[in-house]
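Okay, so here's the structure we're looking at.
Please treat every number below as a calculation from the coordinates, not as lab data. These numbers come from a predicted model, not from an experiment. Counting neighbours? That spans all protein chains shown, and the Cβs are built from the backbone with ideal geometry, glycine included.
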Amino acid sequence: MQNAKDSFYLALRTRLATINPERTVLLRGALRPGILVEEAEAPTAQPPADVFVLRWLGLGVDMDLSSTMTAEECEILYSTCGTQAFGGLDRGRMLSAMDEEVVAMLQPFYTPKFNYSVQPAVAMQTQLFWDEPTFAPINVQRDRLSRSVKVMLYSYQEQGE
Amino acid sequence: MANSFSAPAPVARRVRAYFAPVNRVTQAPVLFDPSQLGSFNLDAPPSPWIDMGWIENFTRKSASKSGPIFTGIPASPLEQTRESLEAQVSFEFLSWTKLTMALATGSQHMNLLAPASSAPAAADGAKATPAVTIQSGSTASVIQLAATDAVNFAPGSMIAVDADYAGQTGFVGSPVSGTYLRQEVTDVDYIRRVTFNVGLVLGVSSASLILAQPLPGGAPAAGTKLQAITGFVDREGGSFYHEWSALFVMQGSQGDRIFFHYPRLQSLAGAEESATPLDSKHKSGLTRILLKGCFLALPVTDPLDGERVLCYRSFKPAAYALI
């Protein structure tokens with residue numbers, strides 16, 4: 001299951017770097033594409049703005065198939081206060097830009113599965129795939145606009161997993 | 001050594017449709033060879049297949065019948081024989097274009113030629129504005145015209161390109177037969193009314209039209225003419241049935257693919273639409289109007305063994321999936 005989660009994150013991160021190379025985050029001294037996994041970073045009171053945050057939620061397992069299939073629910077959270085240059089008045093536009101980026105990141109709806117626990121990463125035999133994103137309404141907190149998107153990620157368990 | 005995995009049943013999101021015209025004169029369908037073309041890019045199908053996009057509610061129905069031969073007392077089945085061969089396919093197109101509308105029509109499909117000034121009304125389009133001659137040097141994407149003709153077109157114009165009607169009967173139109181004429185008609189623009197060689201103009205220069213997509217028929221032949229069209233029309237009735245070769249592809253989540261190849265499909269029902277609510281909030285009100293296609297499969301003789309078949313189903317397993 002961890003391989004699927006890692007592969008999903010890395011696929012989205014690679015795609016984001018192409019879709020909008022300007023969206024970056026400085027994390028532990030390293031400048032990276034602006035997407036991170038919440039459970040793999042230090043806890044914070046509020047997710048950082050202008051960055052995509054992956055949060056893993058539900059889990060389901062179908063063991064009746066010839067290969068066990070797992071379904072893992074992923075919530076992608078993002079928020080923005082707009083830019084200082086416009087006094088935050090562009091926060092709606094900035095959120096729309098993030099909406100478009102998340103739609104683009106999720107296509108195509110599949111990616112190869114890799115084992116990232118070894119170096120270099122090893123390509124596995126199956127692909128993970130996911131359903132269409134479900135967008136939540138915008139949440140307004142003072143000058144901060146937030147939204148979340150949920151997708152269900154499906155993958156098959158392979159030998160050794 | 002690589003690992004393998006035991007692949008469960010394919011998981012597919014949707015179905016993609018491709019059609020290719022059957023040559024009605026020679027009765028030659030277009031065959032799809034999955035052994036050679038099974039990995040083709042779904043966005044760029046091999047010629048002459050035309051991408052019709054994703055479709056919905058794809059349903060295959062076999063109506064072939066088998067019957068037992070009984071022997072003995074009391075009678076018991078000895079073996080089976082195939083008594084009849086019949087299959088149907090139905091689905092809904094997600095867009096309205098010349099091709100999808102024609103495919104979802106039970107009869108011939110026509111272009112609405114731009115009408116001549118003060119022409120009397122006609123249900124399938126009034127007498128048309130005279131066609132203009134295409135100049136040499138034209139390609140499938142750039143049409144050369146006389147400067148005096150080019151000024152009559154603007155970006156956004158739709159055009160039909162084909163020859164004048166010259167009294168021929170039988171199947172009319174190439175590479176797609178748009179209709180079958182049992183007797184001569186008097187309209188010199190008749191072939192351009194039924195042609196599938198249509199395009200959208202995106203740019204106009206002093207003496208040429210630049211098209212959004214290449215003409216389906218390729219570079220215009222010498223002597224062909226061009227007319228503006230305003231839309232399309234079809235009729236409930238008539239005696240003509242379109243015939244197409246069809247290919248439906250289900251792309252599995254693991255890179256596996258299922259192909260359904262019907263060498264010969266004819267429209268089975270008249271023009272019909274299906275209204276689908278836009279989303280869960282719009283049970284009434286906003287609806288998406290989908291073209292509904294229903295087809296009857298006709299047989300071909302497989303040269304491999306002489307058997308008559310309606311459809312080929314092929315499967316390309318995922319890489320490293322146990323077979």
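I'd like the orientation of helix A:2-19 relative to chain A: the angle between its Cα long axis and the longest Cα principal axis, in ° from 0 to 90, rounded to 10. Tilt of helix A:2-19: around 40 degrees.
Note on B:3-13: average number of Cβ atoms from other chains within 10 Å of each residue's Cβ is 5. Annotation for the range B:112-161 versus the range B:1-66: alpha-carbon center distance of 36 Å.
Report, in deg cm²/dmol and to the nearest 500, the calculated mean residue ellipticity at 222 nm for chain A, where each DSSP H run with n ≥ 4 adds -39500 (n - 2.57) and the sum is divided by the residue count.
Calculated at 222 nm, the ellipticity per residue is -7000 deg cm²/dmol.
Using modelled amide H (1.01 Å from N, peptide plane; none on Pro or chain starts), what sits under 5 Å from the amide H of B:Gly252, excluding residues fewer than 5 places away? Amide H to amide H, under 5 Å and 5 or more residues apart or across chains, B:Gly252 pairs with B:Arg257, B:Ile258.
Would you work out if the protein assembly as shown is rounded, prolate or oblate? Take a ≥ b ≥ c from the square roots of the eigenvalues of the alpha-carbon gyration tensor; rounded if a/c is under 1.5, else prolate when a/b is larger than b/c, oblate otherwise. In terms of gyration-tensor shape, oblate.
Evaluating 6.51 cos²θ - 1.76 cosθ + 1.60 at θ = phi - 60° for every residue in the range A:106-111, the Karplus couplings come out as 7, 10, x, 7, 7, 7 Hz, glycine and proline recorded as x. About its Cα centre, the range A:2-156 has a charge dipole of approximately 460 debye under the convention of +1 per Lys or Arg Cβ and -1 per Asp or Glu Cβ, with nothing else charged. For the protein assembly as shown, the Cβ-based charge dipole about the Cα centre amounts to some 420 debye (Lys, Arg positive; Asp, Glu negative; other atoms uncharged). Springs join every pair of Cα atoms under 10 Å in this Gaussian network model of chain B, and among B:Gly170, B:Gly285, B:Gly106 the largest mean-square fluctuation is at B:Gly285.
Inter-label distance, A:Glu41 to B:Val11: 2.8 nm, where each label sits 7 Å from its Cα along the C-beta direction. Across the range B:253-291, the residues whose backbone nitrogen lies under 20 Å from the label position 7 Å along the beta-carbon direction of B:Arg308 are B:261-268.
In this structure the amide hydrogen of B:Val15, modeled in the peptide plane, comes within under 5 Å of the amide hydrogens of B:Ile55, none closer than 5 places in sequence on its chain.
The range B:79-96 and the range B:182-234 have Cα centres separated by 34 Å.
Remark: for residue pairs B:Lys61/B:Lys98; A:Lys5/B:Lys292; A:Lys5/B:Lys316; B:Lys65/B:Lys98; B:Lys65/B:Lys292, the C-alpha separation exceeds 31 Å in A:Lys5/B:Lys292; B:Lys65/B:Lys98. Taking Cα centroids, how far is the range B:305-323 from the range B:237-272 in Å? The range B:305-323 and the range B:237-272 have Cα centres spaced 17 Å from each other.
Between A:Arg93, A:Arg147, A:Arg13, the Gaussian network model of chain A with springs among Cα atoms under 10 angstrom shows the greatest mean-square fluctuation at A:Arg93.
Computed from label points 7 Å out along Cα-Cβ, the spacing between B:Thr59 and B:Asn3 is 4.2 nm. Around the amide H of A:Leu128, modelled in the peptide plane, lie the amide H atoms of A:Thr111, A:Lys113, all under 5 Å away and 5 or more residues distant in sequence or on another chain. Between the helical axis of A:91-105 and the dominant principal axis of chain A, each derived from Cα atoms, what acute angle in degrees is found, rounded to the nearest 10? Orientation of helix A:91-105: about 20 degrees from the principal axis. Between A:Thr68 and A:Gln141, the FRET efficiency from the beta-carbon distance, with R0 = 45 Å, is close to 0.65.
Working note: Karplus 6.51/-1.76/1.60 with θ = phi - 60° gives the range B:198-206 the couplings 10, x, 10, 8, 9, x, 10, 10, 4 Hz, where Gly and Pro are set to x. Remark: the range B:61-70, residue by residue, has Karplus-estimated 3J(HN,Hα) of 9, 8, 10, 5, 10, 10, x, x, 9, 9 Hz, where x stands for each Gly or Pro and the curve is 6.51 cos²θ - 1.76 cosθ + 1.60 at θ = phi - 60°.
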